[in-house]
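Student: Supplied in structure tokens, the structure appears directly below.
The values are calculated or read from the model by the stated rules, or taken from the named source; none is laboratory data. Predicted model, so just to flag it, every value in this text is computed and none were measured. Quick reminder, even Gly has a Cβ in these numbers, built from the backbone with ideal geometry, and neighbours come from all protein chains shown. Heads up: the accessible areas ignore ligands, DNA and RNA and are worked out on the full protein's heavy atoms, side chains in. Shrake-Rupley method; radii C 1.70, N 1.55, O 1.52, S 1.80 Å.
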Amino acid sequence: MIEETTITRAIVERYAEKFLKGTRSDVCVVGGGPSGLVCARYLAEKGLSVSLFEKKMSLGGGIWGGGMSFNKVVVQKASLDILEDFGVGYEPYDGVHYVVDAVELASGLIYAASKAGVLIFNLCEVQDVMIRDEGVTGLVVNWTMVGMTGLHVDPVAVGCRAVVDATGHEAVVCDIVAKKTGKLELKGEKYMWAERAEDGVEKLTSEVFPGLFVAGMSVAAVYGLPRMGPIFGGMLLSGRRAAELVAEALGRTP
Ligand code: 48H
């Protein structure tokens, strides 16, 4: 017979088990947008334990809104193999630009990351980092609702061997590290220039502080790259590149 308190116990027990696992991961990815989801999935497929923290209720970041809320996005040829890998469809537009349905893209990336074994914690906001001599060793996390209500509730800490800042335009983790250590500078995102931005975001995906890697739009914020508007290939490519770099740093080369 279905019983209410059993439902409660099942949820609390299983979530607690999952959160306990997430307190010590190989990699913590901050942000569940396109770059974070791609990065997290590829890292998990390399056998690393990956926890992804997303402050909003749903993952997908800026994908859902497409361009000015028209829920289609554009990608370029170089990123098509990633779409194929995720089983996400695309349609040629003119030989250079390809069109992808934003809903299919967001849901496809989320599903694949989850299926690959990434521990996903939505409604969890990263508020700070832990730093030791070797670099960033973990994150400081709180329920998003605590920040929204302004209640004084202290956050908790989770440990990892590498952090990926995939928080988009704000580069939240890099910003914290920059302000608290003085050893990282955020140059700030520049005006729109899609071709340069797409190229730069992938190329400059990197470790910006010991143990801290940057992916996606946060790369533009750190390195002062232009923005690109609703073309998402660079985000996917940057996520994949970040996964390669982190895996290499943690001794997992393919
Ligand atoms: C937990 C957090 C926190 C936090 C933020 O913005 P995103 O989609 O990021 P990217 O870089 O993967 O993709 C960028 C793309 O969506 C975009 O904006 C483009 C291409 N713009 C071009 C242009 O010219 O404007 O996702 C970041 C995610 C979001 O879901 C946030 O809610 C989440 O990170 N996040 N999660 N703790 N402190 N801060």
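Student: Check Gly60, Gly117, Gly65 and return the single one that is under 30 Å from Val146 (Cα atoms), in contact (Cβ under 8 Å) with a residue 24 or more places away in the chain and open to solvent by less than 30 Å² (accessible area, probe 1.4 Å).
Tutor: On inspection, the qualifying residue turns out to be Gly60.
Student: Now for a different question. Is it the case that segment 43-53 has a residue that's within 14 Å of the ligand (Cβ to nearest atom), at pLDDT 95 or above and touching a Ser or Thr at 6+ places or on another chain (Cβ under 6 Å)?
Tutor: Taking every residue of segment 43-53 in turn, at least one turns out to be within 14 Å of the ligand (Cβ to nearest atom), at pLDDT 95 or above and touching a Ser or Thr at 6+ places or on another chain (Cβ under 6 Å).
Student: Okay, next question. Of everything in segment 212-254, what is out of contact with any Gly (no Cβ under 8 Å at 6 or more places or on another chain) and in a strand (DSSP E or B)? Give them in sequence order.
Tutor: Phe213, Val214, Arg227, Ile231
Student: If I filter segment 13-28 for residues that are aliphatic (A, V, I, L, M) and within 15 Å of the ligand (Cβ to nearest atom), do I get at least one hit?
Tutor: Yes, there is a match, as at least one residue in segment 13-28 is aliphatic (A, V, I, L, M) and within 15 Å of the ligand (Cβ to nearest atom).
Student: Based on this model, can you work out whether Val153 counts as touching a residue at least 12 places away in the same chain (Cβ under 8 Å) and open to solvent by less than 80 Å² (accessible area, probe 1.4 Å)?
Tutor: It is false that Val153 is touching a residue at least 12 places away in the same chain (Cβ under 8 Å) and open to solvent by less than 80 Å² (accessible area, probe 1.4 Å).
Student: Related question: Any residue that is within 9 Å of the ligand (Cβ to nearest atom) and out of contact with any His (no Cβ under 8 Å at 6 or more places or on another chain) - is there at least one of those in segment 245-253?
Tutor: no
Student: Going by the conditions given, is Ala194 under 25 Å from Leu20 (Cβ atoms) and touching a residue at least 12 places away in the same chain (Cβ under 8 Å)?
Tutor: no
Student: Out of all the residues in segment 126-142, is one or more polar (S, T, N, Q), touching a strand residue (DSSP E or B) at 6+ places or on another chain (Cβ under 6 Å), at pLDDT 95 or above and open to solvent by less than 20 Å² (accessible area, probe 1.4 Å)?
Tutor: Yes, there is a match, as at least one residue in segment 126-142 is polar (S, T, N, Q), touching a strand residue (DSSP E or B) at 6+ places or on another chain (Cβ under 6 Å), at pLDDT 95 or above and open to solvent by less than 20 Å² (accessible area, probe 1.4 Å).
Student: While we're looking at this one, here's another question. With the checklist (1) at positive phi; (2) without any contact (Cβ under 8 Å) to a residue 60 or more places away in the chain; (3) of a type in the set (Gly, Ala, Ser) in hand, flag the one item Gly89 doesn't pass.
Tutor: Evaluating Gly89 over (1) at positive phi; (2) without any contact (Cβ under 8 Å) to a residue 60 or more places away in the chain; (3) of a type in the set (Gly, Ala, Ser) leaves (1) as the failure.
Student: Sticking with this one: In segment 240-252, what residues are touching a strand residue (DSSP E or B) at 6+ places or on another chain (Cβ under 7 Å) and surrounded by fewer than 24 Cβ atoms within 10 Å (Cβ to Cβ)?
Tutor: Hits for segment 240-252 are Leu245, Ala249, Leu250.
Student: Right, another one. Taking segment 213-239, which residues are surrounded by fewer than 23 Cβ atoms within 10 Å (Cβ to Cβ) and either in contact with a Phe, Trp or Tyr (Cβ under 8 Å, 6 or more places away or on another chain) or without any contact (Cβ under 8 Å) to a residue 12 or more places away in the chain (or both)?
Tutor: Selection gives Pro226, Arg227.
Student: Which ranges mark the strands (runs of 3 or more DSSP E) fully within segment 98-176 that have 2 or more residues being over 19 Å from Leu212 (Cβ atoms) and within 15 Å of the ligand (Cβ to nearest atom)?
Tutor: Of the strands (runs of 3 or more DSSP E) lying wholly inside segment 98-176, those with at least 2 residues that are over 19 Å from Leu212 (Cβ atoms) and within 15 Å of the ligand (Cβ to nearest atom) span 119-122, 135-143.
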